[in-house]
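Student: Below you'll find the structure I mean.
The values are calculated or read from the model by the stated rules, or taken from the named source; none is laboratory data. If you're wondering where the values come from, they're calculated on a predicted model, not measured in any experiment. When we count neighbours, we look across all protein chains shown, and the Cβ atoms used for this are built from the backbone with ideal geometry, even at glycine.
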Amino acid sequence: MQSDIPSRRWPWFAIGIAVAASVTVAMLSPADAVQGELVRIMYVHVPAAWLAYLAFGVTLIASIGYLLSRNLAWDRIAASSAEIGVYFTGLAIVLGMIWAKPTWGVWWTWDARLTLTAIMFFVYVGYLALRRTTDDRRARANRAAVLGVVGAVQIPLVHFSVVWWRTLHQPASILRPDGPAIQDPIMRVALLIAVIAFTVVYVSLMVKVAELHRVNDAAQAAEAGEHHPVAGASVTAPGLDPGVGNV
Amino acid sequence: MSEWGWVALAYAVAYGSFAVFSVSVAARIRAARDRLDAAVEDPR
């Protein structure tokens, strides 16, 4: 259906606009007195790390939602957000390494923040692997929801690691008791726009990855003969088939 | 490598990976829809 195409493509347009805005502002912001031009890497590294927290936080909430309601729609949200969270965590680690090499002189150090972030990355890779251990959607959702809740313990551990332990990684720049450490207003605006842009990317990817899980579940249900939905309509108009909305 | 070189590398990784991830999701959706269509046309 022609009218359906724009609604399916808006996430891709949103990602393009967000990226363009973020890059433009990051390039227009001034160099840092200490870091020089390398400060611009912060406009991608910091948002990636924040989005990892957000994504795993959404996985936590959706996992709790599933455990309380047993509605598989919550499971799809948890799975989608975890997958995107793994991507953003990996991206934050790699971007941090690219910043660390010219700044610290090493790609990696076993600092508390870096080590805990790496552990968080592998725990959520394990979450995605756990989901592939069975084709039973109910068993998969049950197991994943438990790990989705337990795994979230790491979010505050990673975030406050720079406060609780003496680390090479610098402490928070924005959310700190004595106010933001970034004094330059243009730098603050650039970082804010970058965080907003990455959030738009996250929401857009969530829409598409959730669509992917919805279609996959509908296909699996159809293959199992649970119901026989009409192609396309099965994922856009669940009201036509009482079973498909909660597959 | 110069500071701008490191910045360029970071942005290429960040936004290049956005593109790769987005394209992979779009391709997986297309494959899932094909799988759904096949299942509906030929239900077991």
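Student: With respect to residue A:176, is the statement that it is at pLDDT 75 or above, surrounded by fewer than 15 Cβ atoms within 10 Å (Cβ to Cβ) and not in a helix (DSSP H, G or I) true?
Tutor: no
Residue by residue, here is whether (1) out of contact with any Gly (no Cβ under 7 Å at 6 or more places or on another chain); (2) of a type outside the set (Val, Ile, Thr); (3) within 10 Å of chain B (Cβ to nearest Cβ) holds:
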position: A:39; (1), (2), (3): yes, no, yes
position: A:44; (1), (2), (3): yes, no, yes
position: A:49; (1), (2), (3): yes, yes, no
position: A:89; (1), (2), (3): yes, no, no
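Student: Please go through the range A:50-87 and pick out each residue that is surrounded by fewer than 21 Cβ atoms within 10 Å (Cβ to Cβ) and small (Gly, Ala, Ser).
Tutor: Matches in the range A:50-87: A:57, A:65, A:69, A:73.
Student: Same structure again: Report, by residue number, each residue of the range A:42-89 that is assigned to a helix (DSSP H, G or I) and among the basic types (Lys, Arg).
Tutor: A:76 - this is the single residue of the range A:42-89 that is assigned to a helix (DSSP H, G or I) and among the basic types (Lys, Arg).
Per-residue answers, yes or no, for (1) more than 7 Å from chain A (Cβ to nearest Cβ); (2) under 16 Å from the mean Cα position of the chain (by Cα):
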{"site": "B:13", "(1), (2)": "no, yes"}
{"site": "B:19", "(1), (2)": "yes, yes"}
{"site": "B:24", "(1), (2)": "yes, yes"}
{"site": "B:29", "(1), (2)": "no, yes"}
{"site": "B:36", "(1), (2)": "no, no"}
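Student: Checking residue A:166 against (1) assigned to a loop (DSSP other than H, G, I, E, B); (2) touching a helix residue (DSSP H, G or I) at 6+ places or on another chain (Cβ under 7 Å), which test does it fail?
Tutor: Every listed condition holds for residue A:166 apart from (2).
Student: Every residue in the range A:77-119 that is in contact (Cβ under 8 Å) with a residue 12 or more places away in the chain, polar (S, T, N, Q) and farther than 14 Å from residue A:202 by Cβ, please.
Tutor: Those that are in contact (Cβ under 8 Å) with a residue 12 or more places away in the chain, polar (S, T, N, Q) and farther than 14 Å from residue A:202 by Cβ: A:103, A:109, A:117.
Student: Let me ask something else. Just checking, how many residues over the range A:36-63 are farther than 30 Å from residue B:4 by Cβ and hydroxyl-bearing (Ser, Thr, Tyr)?
Tutor: Residues flagged as farther than 30 Å from residue B:4 by Cβ and hydroxyl-bearing (Ser, Thr, Tyr) within the range A:36-63 amount to 2.
Student: Within 14 Å of chain B (Cβ to nearest Cβ), farther than 14 Å from residue A:14 by Cβ and either modelled with pLDDT of 90 or more or not in a helix (DSSP H, G or I) (or both), is that true of residue A:210?
Tutor: Spelling it out, residue A:210 is indeed within 14 Å of chain B (Cβ to nearest Cβ), farther than 14 Å from residue A:14 by Cβ and either modelled with pLDDT of 90 or more or not in a helix (DSSP H, G or I) (or both).
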